[in-house]
C-alpha cells in the first residue's frame, strides 16, 4: 500500500515554474520578470537577456490566465458557425484562424448544430463563460434578432455573410455583383434569357443572388423564367436539371452555387443535352474542383480568404479601440470563364422564350 502511494507520488505532475523562480535564477525582481514576460519597454538589454536565459533554463511559461485577469485581455476570438460542411465556411474559417494566429490571437470555435434561437443563445452563453475579446458570427443575422441574445460586455462582434444592415459590422462577398456578372456573361454570348437554380429561401446569399439575376434580366428587357428551387446540394441541382432538360428553349442556366451546377451537369448529360453545345452553365463560389468538372465550370469566384482576413482585422480594430463598428464591407467577386459557356445553338435559341422567329 505504501509502495503504491510512493509510485503515485512519483507520477505526480512537477510543480509549475513560477515568476519568483525565474527572478531568483536571474537575480532580479519579480516585477522585472513580469515586464520582460509582457514585452514592456524600459528593461536594460543585458537584464532582459539575463531574464530570458533564466526562463529558457527553467522552462518557464507565462501564465496566460493570470495575464488576462491583470490586463483584461484574453487574446481569444470566438467564432460561431452553423455548419462546417460548406466549402465557403471552411475556407473562411481557415483564413480567420490563420489571420488571428498571425496577430497573436487564438480562436474558440462554437458550432451551432441546429440554427434556432435557443442554439444561438447557447453559443453566446458558452463564449461568455470561456472569456473572449471579440466574436465573429458566420450565420444569418435574423437569428441574432430573434434569439434575444445578450452579448457579453465589452465584446465586439463582426458578422459574416448576412443582412445585418447597420446593426453590426458585416463582411461579405458582393453577392449581387457576382450574380450580375454571371447573368451578364450569358446574355453577352447571345442567350435570350437565363434560367436560375436558387439556393434555400432562408439564405441571405441565395436571396441576393436571385434578386440580382432577376434585376439583370429585367434591366436588359429579357423575359424572366420561373426560378427553380434548390438547397445548395448537388442532388437538388440534379433534380432541377431533370426539369430544365425538358424545358423548351432553355439554353443558359445560372446555378446559385457550384454543387448545384454539378448536379445540373449530370442531369443534362443523362438527358442527352450537351454543355455548352445545348445549354451553357454558370455556377457560384469557384470551388477548387471547378476546373475538373466536365466540362470545366464557369463560376463566380468568392475570395473566402479575404472575407476571413477582413473579419479578423475588423474585430481586432474594435477590440483595440474599444469602439463598436457598424456597416457592411463588401469583398469584390469576379467571374472565372471556363468551357461550360458558349454562344447558344441556333436551333435551341430559336425556341427560347422571347425569341424572334426567322421563319
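FYI, it's all coordinate maths here, none of it is from the lab. All values derive from a computational prediction rather than experimental measurement. Quick reminder, even Gly has a Cβ in these numbers, built from the backbone with ideal geometry, and neighbours come from all protein chains shown.
Which order do 195, 213 fall in if you start with the one that has the fewest other Cβ atoms within 10 Å?
Values: 195 27, 213 24.
So the ranking, lowest neighbour count to highest, is 213, 195.
What is the calculated FRET efficiency for residue 114 to residue 58, with r their C-beta to C-beta distance and R₀ = 45 Å, to the nearest 0.05?
On the way: r = 48 Å, r/R0 = 1.07.
After rounding, the FRET efficiency stands at 0.40.
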Q.
What distance in nm lies between label points placed 7 Å from Cα along the C-beta direction at residue 90 and residue 242?
A. 2.7 nm
Q | Burial ordering of 222, 53, 192, fewest other beta-carbon atoms within 10 Å first | A | 53, 222, 192
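What is region 191-289's relative contact order, in percent, from Cα pairs under 8 angstrom and six or more apart in sequence? Walk me through the intermediate numbers first.
On the way: 178 pairs, mean separation 29.4, N = 99.
Across region 191-289, relative contact order equals 30 percent.
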Q.
Based only on other Cβ atoms within 10 Å, what is the fewest-to-most ordering of 55, 260?
A. 55, 260
